[in-house]
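What follows is a single structure, written as structure tokens, with notes after it.
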Amino acid sequence: MKDLLESLHIPEGPLPAFAGEAPSGLGEDRPRPPTEQRWRNKWLIAAPPTFALLLAGWARFMAPGALPVDVMTVLGNAGPAAQPPALVAGGYVKAARIVYVAPKVAGRISALRVREGDEVRAGQLIAEIEAQDLLQEALEGRAQVQSAILTKTRLERELQRTQALFGEGIVSSQALDQARTEFRVGEKNAEAATARMIHADNCLGYTKVVSPVAGRVVRKFRNVGDFVSPDVPFMEGYETVAVGSPVVSLADLGSQEVTADINETDFGKVTLQQRVEIVPNAFPELRLTGKVTQISPRADKNKNTVEVKAVIGPTDRILPYDLSVKISFLPQPRGGVEPAPALRIPLSALTERNGTRAVFVAEDSRATMRAVQVGEVREGQAVILSGLSPGDRLILSNPGDLGEGRRIKFK
């Protein structure tokens, strides 16, 4: 590049001789020909733009490209900054409520509209049941209603005519009573036919199995062609799972909880409303908070354990059902005072610049360095006492290759 720039200088000596001119060194004081003057002017005008373009191309060639990085959002209130947990146990993610969606009529499934893992809204179609027989019953019910209404109308006219004749003394009171009785029977028959028609229509509508709540499909029990019935309970082992033949089970999306079996020897370390920290084994960088909401009143004598449930705090992360987690039961605050919250980040996100611990956060596709104060370091995690805030987008990978303002792109 240096040789290229040096080649662009304007010669200080005389310009090359043109055809028909004296060689260099002869006739120095003579006026320059117009052609030579124009050539020199063009050289001087063209040189600066060419130089600028070359510099721009060199800058683009030498500028580093965007560095691929992994990013996580920093969560707040991750637990006490210094005290170790009172107890650590393994558990599983559960839903606060499981709904088993079972049909209201018997029949074979003709269509299944959801898969495991799908999120559904209340009233969304789950499955369809063969409806030919029920459709025929509904049509027959409508025909019976029409016949019963015609009979009732005829008997009503007969009653009116008999009442008129009775008023004129033409028919007896017995004939009038007979007409009234027949009309009432016809009226009841019409009501019964209408009720049967409504029932048939409802049964026809029940062939569309819809979700009663908003939730996520955690299990599919049936497939197309399977026979289902509201009268046959679903059993697994020796326990009844659901009344009727469930098509799917739904987990309520409103809240998630975790359950753990606590050994009897550690049972005294757990209390209601105790704060917990939850780390999914599949996502060790993700730390969620929660509180103990239920302690089983009955111990399992076969395992010598007590079941404990904790609700996960507000989060936009929906964890898979039955995902294994590590639950840390945090120590109770002394004197009713909550310990200061701390932020925990993976150790891999830390770097050191000029003797100062630092991290990089993503801001508008650029890396910005933040000096941080580091507290406790445990199990590959570091407590950050200052320098980071909840919501910051922390860069996890390649912190040693980053610099202030370095362009980045997300993997």
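If the condition is being touching a residue at least 24 places away in the same chain (Cβ under 8 Å) and basic (K, R), then region 127-163 contributes R142, K152, R154. Yes or no: R97 modelled with pLDDT of 80 or more, loosely packed, with under 15 Cβ neighbours inside 10 Å and closer than 30 Å to R287 by Cβ? Yes, satisfied. Within the span defined as region 164-184, every residue fails to be closer than 30 Å to D252 by Cβ and either touching a residue at least 24 places away in the same chain (Cβ under 8 Å) or of a type outside the set (A, V, I, L, M, F, W, C) (or both). Based on what the data block shows, is I149 at pLDDT 95 or above and under 50 Å from the mean Cα position of the chain (by Cα)? Judged against the criteria, I149 is not a match. The selection criterion, being touching a strand residue (DSSP E or B) at 6+ places or on another chain (Cβ under 6 Å) and β-branched (V, I, T), holds for V74.
How about region 354-377: which of its residues are of a type in the set (D, E, K, R), modelled with pLDDT under 85 and in a strand (DSSP E or B)? Correct list: E376 only.
Of the residues making up region 270-293, just one is touching an Asp or Glu at 6+ places or on another chain (Cβ under 7 Å) and either in a loop (DSSP other than H, G, I, E, B) or hydrophobic (A, V, I, L, M, F, W, C) (or both), namely R287. Filtering region 294-334 to residues that are of a type in the set (A, V, I, L, M), part of a loop (DSSP other than H, G, I, E, B) and touching a Gly at 6+ places or on another chain (Cβ under 8 Å) leaves only L330. The residue of region 347-378 that is surrounded by the fewest Cβ atoms within 10 Å (Cβ to Cβ), among those that are of a type in the set (V, I, T) and touching a helix residue (DSSP H, G or I) at 6+ places or on another chain (Cβ under 9 Å), is V377.
Are there strands (runs of 3 or more DSSP E) fully within region 148-257 with at least 2 residues that are loosely packed, with under 14 Cβ neighbours inside 10 Å and not assigned by TED's automatic domain parsing to the domain that holds A111? List them. Talk me through it step by step, then tell me what you get.
Details: elements: 208-210, 215-220, 234-236, 239-242, 248-252.
Output list reads 234-236, 239-242.
The values are calculated or read from the model by the stated rules, or taken from the named source; none is laboratory data. Everything numeric here is computed off the predicted structure, so don't read it as measured data. Cβ coordinates were reconstructed from backbone atoms using ideal geometry, including for glycine residues, and neighbour counts include every protein chain displayed.
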